[in-house]
């Protein structure tokens, strides 16, 4: 499989992505008639931190975005795009959204169309050398699977660490605490699939 090479995350493009993400989160919050305090209580984050994210003044980690998405009752993919087209079948490469997490040196691109209630989301995740989700492991509903298409992936699930290389695949329930990173010296790219839990 041929995967495009990506430039390292620069401050200008990351700042633009932060601002776009912040506007989307604010839109979703207001559409649900939720205050910053409501989202803070639901997510366990501070009001000031959420406000900074909405204004594009702070870059959120994957873990933080999962908590915000849960608080807003949307899939993580719902933070990427404003499209709500149930009929969309194709996501063109040139129009897919990318979120760069500067603090973790990870970027995520949603490569499937954004639907209001998708059964699964497929991402192209790029991790710079030494990049990782960092901190404590996180968990959420659903299931995950993927394949490493470039580089080396270190995946830790419930305290057990697995080192995967190009062509290696994985799957696990998302409610098992997990984290991942790139222990190598080159870029790592992973096709990563998130599916929703039954009944959601």
Inside region 97-124, the number of residues satisfying the requirement of being at pLDDT below 80, part of a loop (DSSP other than H, G, I, E, B) and under 22 Å from residue 19 (Cβ atoms) is 4
Of (1) farther than 27 Å from residue 41 by Cα; (2) surrounded by fewer than 20 Cβ atoms within 10 Å (Cβ to Cβ); (3) at pLDDT 75 or above, residue 127 satisfies every one except (2)
Can you find a residue that is in contact with a helix residue (DSSP H, G or I) (Cβ under 6 Å, 6 or more places away or on another chain), at pLDDT 85 or above, loosely packed, with under 15 Cβ neighbours inside 10 Å and not in a loop (DSSP other than H, G, I, E, B) anywhere in region 23-32? no
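Conditions (1) touching a strand residue (DSSP E or B) at 6+ places or on another chain (Cβ under 9 Å); (2) assigned by TED's automatic domain parsing to the domain that holds residue 22; (3) touching a residue at least 40 places away in the same chain (Cβ under 8 Å), marked per residue:
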{"position": "103", "(1), (2), (3)": "no, no, yes"}
{"position": "107", "(1), (2), (3)": "yes, no, yes"}
{"position": "112", "(1), (2), (3)": "yes, no, no"}
{"position": "126", "(1), (2), (3)": "yes, no, yes"}
{"position": "153", "(1), (2), (3)": "yes, no, no"}
{"position": "156", "(1), (2), (3)": "yes, no, no"}
{"position": "164", "(1), (2), (3)": "yes, no, no"}
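Conditions (1) loosely packed, with under 13 Cβ neighbours inside 10 Å; (2) touching a helix residue (DSSP H, G or I) at 6+ places or on another chain (Cβ under 7 Å); (3) not in a strand (DSSP E or B), marked per residue:
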position: 134; (1), (2), (3): no, no, yes
position: 146; (1), (2), (3): no, no, no
position: 154; (1), (2), (3): no, no, no
position: 161; (1), (2), (3): yes, no, no
position: 180; (1), (2), (3): no, no, no
position: 183; (1), (2), (3): no, no, yes
position: 190; (1), (2), (3): no, no, no
Of the residues in region 74-96, those that are assigned to a loop (DSSP other than H, G, I, E, B), at pLDDT 75 or above and over 16 Å from residue 29 (Cα atoms) come to 89, 90, 91, 92, 96
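The values are calculated or read from the model by the stated rules, or taken from the named source; none is laboratory data. These numbers were taken from a predicted model, which means no experiment stands behind them. Neighbour counts run over all protein chains shown; Cβ positions are idealised from the backbone, glycine included.
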